[in-house]
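The values are calculated or read from the model by the stated rules, or taken from the named source; none is laboratory data. Not measured: the values here are computed from a predicted model. We place every Cβ from the backbone using ideal geometry, glycine too, and count neighbours over all the protein chains shown.
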Amino acid sequence: MNHVPVAEVPFEPVFTGPALAKLEALFPLYPTKQACLLPALWIVQETRGWIAPAAMAEVAALLDVTPAYVRGVVTFYTMYHQHPMGRHVIQVCTTSPCHLCGAGETLKAILKETGCRELGATSPDGRFTVVEAECLGACGFATPILVGNDFIESVTPERVPGLLQRYE
């Protein structure tokens, strides 16, 4: 895969300034600090694009839980990224209904067009990371993809080049 080894990525605290204020504003909305774990992880990912082990430890300290507990949550949910990602994460649904409708060929076209070469890899220019999605909930509009927060239905190999041009 084309990503920087986690050990080589320098760490700076996430929760300073606006990010810390955003987290602290959530505390009164939840019964305990621990209950803020998922939103805290979203803040890390929105700020850095992924959740480094050091950021997991920082979240644990802020929420009074163990780093192991935070890591368990991060590794359980596929929505959290554990290594640097491209500027645009493309999720491609490849479950049975979509596969029967050509998701495999669409995925190949996306990998070729982005230059990612394989699932989970980041393109050489850092623009894209392509991953498989278990289900995007649009079986009637195969093949659906999610580019960041943009949900796109009925993607075919022929549509891929035009769709990806809008993401710089």
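If you go through region 60-79 and keep only what is surrounded by 15 or more Cβ atoms within 10 Å (Cβ to Cβ) and farther than 26 Å from VAL131 by Cα, you end up with ALA60, LEU62, LEU63, VAL65, PRO67. If you go through region 58-72 and keep only what is under 19 Å from LYS22 (Cβ atoms) and in a helix (DSSP H, G or I), you end up with GLU58, VAL59, ALA60, ALA61, LEU62, LEU63, VAL70.
Listed by first and then second residue, the pairs linking a residue in region 62-83 that is among the charged types (D, E, K, R) to a residue that is surrounded by fewer than 17 Cβ atoms within 10 Å (Cβ to Cβ) and part of a loop (DSSP other than H, G, I, E, B), with Cβ atoms under 9 Å apart and 6 or more places separating them unless they lie on different chains, are ASP64/THR32; ASP64/LYS33. Checked against the criterion of being outside the structural domain of GLU24 (by TED's automatic domain parsing) and either among the hydroxyl-bearing types (Ser, Thr, Tyr) or crowded, with 20+ Cβ neighbours inside 10 Å (or both), the candidates CYS135, CYS93, CYS36 yield just one match: CYS93.
Here LEU107 meets each of (1) part of a helix (DSSP H, G or I); (2) assigned by TED's automatic domain parsing to the domain that holds LYS22; (3) hydrophobic (A, V, I, L, M, F, W, C); (4) within 21 Å of TYR167 (Cβ to Cβ) with one exception, condition (2). Only one of the listed residues (GLN82, GLN45) is in a helix (DSSP H, G or I), more than 20 Å from LEU163 (Cβ to Cβ) and among the polar types (S, T, N, Q). That residue is GLN45.
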